[in-house]
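A.B. asks: Sending over a structure as structure tokens; questions will come in a sec.
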Amino acid sequence: MQDERERSQASVIRAILERGRCGSDLRDWMYGATNGAITTFVIIAGVVGADLPTMVAPVLGLANLFANGFATAARRYTNTKLARNDRSHAKAVCAEDLTAKDYDFSQRSPTQAAINTFAAFTLCGLVPLIAYLLSPTKLSVCVAATACAFFAIGAVKSRYSLTAWWRSGLDTVFLGMSAAALAYAAGHTLRLLIDIPTP
């Protein structure tokens, strides 16, 4: 009877650990995806707002993908490593209280978290960049493609909240577009103030 109870408890613990691991991996992807799409789109909006030469946007966009993507992944690595060290007792707590859901039982690999984040940052950051390269004279194409990416990211993120998927998607679209609008306005204003010659 005791052995059966221990086996049952062990299976429950494994299920919690596995669920936490999968959920954490997806959170890494969402973190990287959101940052990648927003930062790259903001760069493009600022360049277009300042009416800079067409090739400035892809150059800065690619620089952002690698440099900012690496920095974002490094932050994720550091935070995951710190959380892992702080929660080294999580497994023991889980064994004593299976309802303690606030702990991260996954004991994730910081390296894997960084890889997930960088991959998502790069993939989603390429969306506005590729859309802009395909039609550099029509910002609307870039806006539409990036809005779709924002909506998809928000819809997936709704898994971790009580918000409906469509509302979460729209919230993310609003956040991304607001940031891009500010960048566009800043670029346009600076062009007028500094009197940058139109190419």
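A.B. asks: Whole-Hz ³J(HN,Hα) for each residue in the range 45-51, computed from phi via Karplus 6.51 cos²θ - 1.76 cosθ + 1.60 with θ = phi - 60°, x for glycine and proline: what do you get?
C.D. replies: Karplus values, whole Hz, x for Gly and Pro: 4, x, 5, 5, x, 7, 6.
A.B. asks: Mind checking the full-extension length gain between Trp166 and Gln112? Use 0.36 nm per residue of separation minus the Cα-Cα distance, one decimal, nm.
C.D. replies: On the way: separation 54, 0.36 × 54 = 19.44 nm, distance 2.95 nm.
Using 0.36 nm per residue and subtracting the Cα-Cα distance, I get 16.5 nm.
Every number here is computed from the coordinates shown, using simple stated rules; none is lab data. Note that the structure is predicted; figures quoted are calculated from it, not measured.
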